[in-house]
1. Chymotrypsin sites (Phe, Trp or Tyr not before Pro), restricted to region 124-212: which are DSSP loop and have at most 12 other Cβ atoms within 10 Å?
2. Counting residues in the chain as N, plug N into 2.2 N^0.38 Å and put the Cα Rg over that result.
3. For a distance above 16 Å, tell me the whole-number percent of Cα pairs in region 154-212 that qualify.
4. In square angstrom, what is the accessible area per residue of the chain with a 1.4 angstrom probe?
5. Can you give me the angle between helix 194-211 and the longest principal axis of the chain, using Cα atoms only, in degrees from 0 to 90, rounded to the nearest 10?
6. Measure nothing fancy, just the Cα-based angle from helix 156-191's long axis to the longest principal axis of the chain, in degrees from 0 to 90, nearest 10.
7. Contact order normalised by length for the chain, with contacts defined as Cα pairs under 8 Å and 6 or more residues apart; what percent is it?
8. Report the longest stretch of the chain that contains none of the trypsin sites (Lys or Arg not before Pro) sitting in a DSSP loop with at most 14 other Cβ atoms within 10 Å.
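The values are calculated or read from the model by the stated rules, or taken from the named source; none is laboratory data. For clarity, every value in this text was computed on a predicted model and none was experimentally measured. When we count neighbours, we look across all protein chains shown, and the Cβ atoms used for this are built from the backbone with ideal geometry, even at glycine. To get the accessible areas, we keep the full protein, side chains included, count just its heavy atoms, and leave off ligands, DNA and RNA. Shrake-Rupley method; radii C 1.70, N 1.55, O 1.52, S 1.80 Å.
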Amino acid sequence: LVLGPHEDHYHVSPLLEVIEDHARALSFVDVLAADQWKPAASVRAKHVEGGADDSSFWFRLSLRHGDSETPQPWLLSLQTRYLRTVSLFTTQGTRSSTPTGDGWHRQDAGFQHRGMTENPILFDIPRPREAGAEQVLYLHVDSEAYFHVRPEVTTDLRARLDQREKMVLFGLFYGVMSIMILLHGMMFLALRKRHYLFVLLYQLAITIYLLG
């Protein structure tokens, strides 16, 4: 993958290679020396799915920064489901990484198990010291159930714009739901018909579930 100056995001599922660690016994050093990598997704796929088993997955992605007069920061964006922890290993450090002691740097993202899709996890992709040098990223995904990952490489600006657009849509959705809850509440108080109360409780439950 070559990160060009005229693009702001890439779907990278078809470019990922994967190793499934059924026993959860592989260390990062073992993964670096492994040779059993296989494609993680089909050529046209935009997401990666894991089976409903208790496994750990290691992903590998090779990329290179293209020539640009104004280098822009790039991020690895993961839209995820059903994950426990995710870690990214890079050869150079970032503002959010910690050295591993073997020349690599690690970024961690831990969160609670949830069925609903969360905001994407964003990892900084460091720019290599040598212009045009190939860079290899290693991603460790830990899950206790079926999981769904949609990985993208995106610019920091594109990620911020996507997040802003999502917040506007969420605001509109919850605004409409609030109006509907208020409307059915007023109709129940005015008419004292139970079906308005049932609709009110249903809408309230859905809204609280999505917010939670």
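1. On the way: sites: TYR138, TYR146, PHE147, PHE170, PHE173, TYR174, PHE188, TYR196, PHE198, TYR202, TYR209; in loops: TYR146.
Passing both the DSSP loop test and the Cβ count: TYR146.
2. 1.28
3. Numbers: 936 of 1711 pairs.
Beyond 16 Å sits 55 percent of the P(r) for region 154-212.
4. Values: 12760 Å² over 212 residues.
Counting only protein heavy atoms, the per-residue value for the chain is 60 Å².
5. 20 degrees
6. 20 degrees
7. The normalised contact order for the chain reaches 26 percent.
8. 130-191
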